[in-house]
Amino acid sequence: MRNDRIGARRVRLRAARGIALLTAAVIAFAPAAVGAAAPPGAASAEAAPAGTASANGTGAPFRENVSSARADGFGSDSGAADGVDAIDEHLAEYLRVHRTPGLALVTLADGDVRVRVHGTTGAGEPVGEDTPMRIGSMSKAFTALAVLQQVDAERFDLDDPVAGLLPELHMVDDRYRSITVEHLLAHRSGLAATALEYASDPASAPAETVARLADEGLASAPGTATLYSNAGYAVLARLVERTADADFGDYLEREIFTPLGMASTITTDRCDVEPAGLARGFTLFGPVRLAVPELPLACAGSGGIVSTARDMAAWLRFQVGDGTSPDTGEVLLRPETFAAFHKVPDDEARGDEGPDESTYGYGWHSTTADTPTSTPGGSDAGTDGEGNSERAQLVGHGGTLATFASGIEFSSRTGAGAVVLANGAGDPMVLTHNAIVAVDGGTTLPTSNPFDTFNAVLSGIAALVLLGGVLVVVRSRRWAERRAGRRAERPAEGRTEGRTEGSIARTRLATVLRLVPLALFLLLGAALPWLGATLMGVGEPVAAYRIVLWLYPAVLLLGVAIVLAAGSGLTVRLVQLMRHERPRQVRQRTPVTPGRGPRR
């Protein structure tokens, strides 16, 4: 009996030590997620070539190349030179806050294209001008350009119903028949934001996405609300295929990539496809970063383009031009169509969030910033007539995937612009904005990482949960002894046998009820990732757990902590109850031979 108790005590101590060690690791990690991490360039400094300079003494190295390619004469003579140091400071701050593993920043000012590169790829190679990265939803502008080219070719008009142009499109909601091409471009089709977004088996082609819409309805009447929809841009990609009689990827290469000199840019129908040369991006959790495959998503027409800093510089120069290729002069869009390309429709319908300073046009967000307007020659055509600056319009779009983040923003008036390609999560649109403000002047945006706080809070809760699990395990033996002692109590004299059995049943029921909370916590921990993804509109369990694993690892950490704490506590309590259920006479009675007294 004594040996049994010693063995059980050793088991409990080992379990408690294991959980305590895990708890200590989580507690130690939580403040690290909030505090400043090691300089972001530390891991990549060795990979940087000779001559790498420190960015304003922050310890975040990056390399820079300068091209004197003109961007159609836009910009002022002094803005670019004066803003170089400020751009370096913004870049260094961004790298420090977001701990980005690899990044390329393209800036355009006064016709000069500058490319700053930092860090390494998922394969450990230094990031350069020709490093392929996924650009995410920045791909939508390419799809919009392809659609507008069909309008220029008079194959259809923006106000034509899509159902008439694409007979294969069917939905359970008859209102889909009134969806126009413009509705899809401006995200006003009524398609739900999560329609087919996170299917466990994503579509592999635009035609497949269109076919799957047959089982979908509309969240609102077409033209009445803005609902961001990736599926809508897949429909546009299929529309281009039908009207141009070409595969969507082949069309982009022939009509857009090649004329603009974007020789290293390709498109894929799924985001998890890894074409040659594309290294994996990173998932980030505080200071921890892991190169992992991209989240499986259908991204034809909405987010499937893979490009480089060099190619995106060509794309940026095209945006501040007049619809022709800056290098060859080939016309991609008529001037009036090109002007509409960056314009937000006057009848823009806003979502439930109400009016703000951001609207959506044809593949672009049009954002108003506190940036003084200027024109070549230094005139005050962009002022209020008294020399005071107006609020200039910046056009751009972000691109967010699980392992890549990107952003592009530019001013059509000043010709300044910026592109960010990164192989880890962050907020690239803040960096593009601040890079433009450094040249044109205006109000900068703060660089912050809210995920640090989010991860730290959930990690702290996970630590508390594990501490609670340790206490439950340590106290399980005493708890079981109390429950077993109550069951072993003899009924008072005068009570009937029925009352005795009823008392035992009630005691057992009370014991079971005391185990229910642990069982519920166990279920909660297992279901927590699914519950979190459900709030995003993801109903499929497989897709839900996959999304949380890629995008919100802190939620998964908390779920695992709850399962470990509740599961270990429940298991140890049940084991202790089973041990104390044995009759005392079996565990303690010493055999005595009949007719003989005890040995002397």
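The values are calculated or read from the model by the stated rules, or taken from the named source; none is laboratory data. What you see is a predicted model; the values in this text were computed from it and never measured. Glycine gets a Cβ as well: all are built from the backbone with ideal geometry, and neighbour counts include every protein chain shown. Remember, those area values only see protein heavy atoms, side chains included, never the ligands or the DNA or RNA. Shrake-Rupley method; radii C 1.70, N 1.55, O 1.52, S 1.80 Å.
The protection proxy used here, the mean number of other Cβ atoms lying within 10 Å of each residue, ranks peptides 216-224, 281-289 as follows, highest first: 281-289, 216-224. Net charge around G249, counting only other residues with Cβ within less than 11 Å of its Cβ (Lys, Arg = +1; Asp, Glu = -1)? Spelling it out: positives minus negatives among the neighbours equals -4. A86 label point, 7 Å along Cα→Cβ, cut-off 18 Å on backbone N: hits in segment 416-432? 416-419, 429-432, by backbone N distance to the label point. The H on the amide N of A203, modeled in the peptide plane, is under 5 Å from the matching H of A298, each at least 5 residues off or on a different chain. If R0 is taken as 30 Å, the Cβ-Cβ distance between T534 and S204 corresponds to a FRET efficiency of 0.70. Peptide packing: for 245-258, 397-410, the average count of neighbouring Cβ atoms within 10 Å per residue gives the ranking 397-410, 245-258, highest mean first. Each Cα pair under 8 Å and six or more residues apart adds its separation to the average, and for segment 387-488 the resulting relative contact order is 16 percent. Solvent exposure of R177, expressed as accessible area, is near 140 Å², computed with a probe of 1.4 Å over the protein chains only. Taking only the C-alpha atoms of segment 155-215, the Rg (one decimal) and the largest Cα-Cα distance, Dmax (whole number), read 11.8, 36 Å. Straightening the chain between A505 and E336 buys 52.4 nm, computed as 0.36 nm per residue apart minus the Cα-Cα spacing. What spacing in nm lies between the two simple spin-label points modelled at A211 and E168, each 7 Å away from Cα in the Cβ direction? Taking the two extended label points, one gets 0.8 nm.
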